[in-house]
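Chemist: Following this message is one structure expressed as structure tokens.
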Amino acid sequence: MGTPSFAIRDIVNEDGAASISDYGAHVLRWAPSGMPDVVWKPRTIYLQEGKAIRGGVPIIFPWFNSGYDPTLAEAGEDTPAKKPKHGFGRTRFWTPDPASSDDAHVRYTMDSSEIDPSILAQFVGNPEPRFHATYDVTVGDSLSMALTVTNDGDEPFSYEAALHTYLHVGDVARAQVLGLDGAEYLDTTLPGFPVRVQDGPIGFDGSMVDRIYLTGDSADDASAGDDRGNDDGLRVRDDALDRTIRVATPGAKAVVVWNPGEEAGNAIGDLEDGEWRGFVCVEAAANRDRLITLSPGESHTLGQVLSVEE
Ligand SMILES: O=P(O)(O)OC[C@H]1O[C@H](O)[C@H](O)[C@@H](O)[C@@H]1O
């Protein structure tokens, strides 16, 4: 195998087109044929080892933000901050698997033997986890992403994960996230992350929105058969581009919704002023006390499927 490089793979077929970076196994953009991009990319993409790529679909693994240990939380203690922020999944070169890739599909792998033991020691419940991870991206008129982690060791371990998808919208002020009405969420913009209940669609007024929706096994399950207008599932309505993006989250236990708003958005070093208006992040997640625990030999797949409503 050669030295890892910042290779970018373009997947183009008659139904859609995507670009994927080996660094981070990071989907940089995706659009169904003839449509504006659905997965958002900033005007400039900075590729630098050790730094996360902005936009696209960062893989958050094996902890979210600075990490969360439920045992410590139950004991009333803070989890010591883990580094790097959001885990190492987005700042590693993943290994492409050409034998399992074609003009619609790319597979990447990563093995715990490639990771520094001092970083692995930060896993919840097991300082010496052994695992392999597989990331499958399927490109067409929908985009499917699936992160599968398998416990190859003799002891259980736990991890948090998210597919931190930046969805392109014409103007976030004219966009709404639908399908979470009545769902409980942690408002992580406030001290202590108070639990709130979503009332109606989620809108964006230029202040930061940063929420973890406690949807259960999937957002679709959470909204099944309810009478609050959630029956059509999780989606983003974009009045500026006059379209609706559907977001399925198989294997997720939470959904994170994030837009930094004006002040924090303009302060992000790898974004130009005003670029925060062009996206909303809707993330298939398993984080906080909804993390995933794998027994020896067990696997879990966290997925996200995007499509544009006809
Ligand atoms: O700037 P990043 O490290 O990519 O993090 C961006 C954002 O990710 C998630 O959506 C978190 O909920 C936010 O708290 C965080 O600010």
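Chemist: Could you say whether any residue in segment 176-186 is away from the ligand (no atom under 16 Å from the Cβ), at positive phi and surrounded by 15 or more Cβ atoms within 10 Å (Cβ to Cβ)?
Modeler: Yes: segment 176-186 contains one or more residues that are away from the ligand (no atom under 16 Å from the Cβ), at positive phi and surrounded by 15 or more Cβ atoms within 10 Å (Cβ to Cβ).
Chemist: Now, a different point. Any idea which residue in segment 187-205 is nearest to A254 (Cα to Cα), counting only those that are in contact with a helix residue (DSSP H, G or I) (Cβ under 9 Å, 6 or more places away or on another chain) and away from the ligand (no atom under 16 Å from the Cβ)?
Modeler: G203
Chemist: Among the residues of segment 66-82 satisfying the criterion of being in a loop (DSSP other than H, G, I, E, B) and touching a residue at least 24 places away in the same chain (Cβ under 8 Å), which is farthest from the ligand (Cβ to nearest atom)?
Modeler: If we take residues in segment 66-82 being in a loop (DSSP other than H, G, I, E, B) and touching a residue at least 24 places away in the same chain (Cβ under 8 Å), then D69 is farthest from the ligand (Cβ to nearest atom).
Chemist: Any chance segment 126-135 includes a residue that's charged (D, E, K, R), surrounded by 16 or more Cβ atoms within 10 Å (Cβ to Cβ) and more than 16 Å from the ligand (Cβ to nearest atom)?
Modeler: Looking through segment 126-135, at least one residue is charged (D, E, K, R), surrounded by 16 or more Cβ atoms within 10 Å (Cβ to Cβ) and more than 16 Å from the ligand (Cβ to nearest atom).
Chemist: Here's something else I'd like to know. Quick check on segment 283-301: of everything there that is part of a strand (DSSP E or B) and away from the ligand (no atom under 16 Å from the Cβ), which residue is nearest to G216 (Cα to Cα)?
Modeler: I292
Chemist: Of the numbered conditions (1) exposed (fewer than 15 other Cβ atoms within 10 Å of the Cβ); (2) under 30 Å from I45 (Cβ atoms), G200 satisfies every one except a single condition; which is it?
Modeler: (2)
Chemist: From A17, A52, which residue is under 26 Å from D273 (Cβ atoms) and either surrounded by 15 or more Cβ atoms within 10 Å (Cβ to Cβ) or touching a Ser or Thr at 6+ places or on another chain (Cβ under 9 Å) (or both)?
Modeler: Every option except A52 fails the conditions.
A short reminder: the numbers here are calculations on the coordinates, not readings from a lab. Everything numeric in this text was worked out from a predicted model, so none of it was measured. Virtual Cβ from ideal backbone geometry, glycine too; neighbours counted across all protein chains shown.
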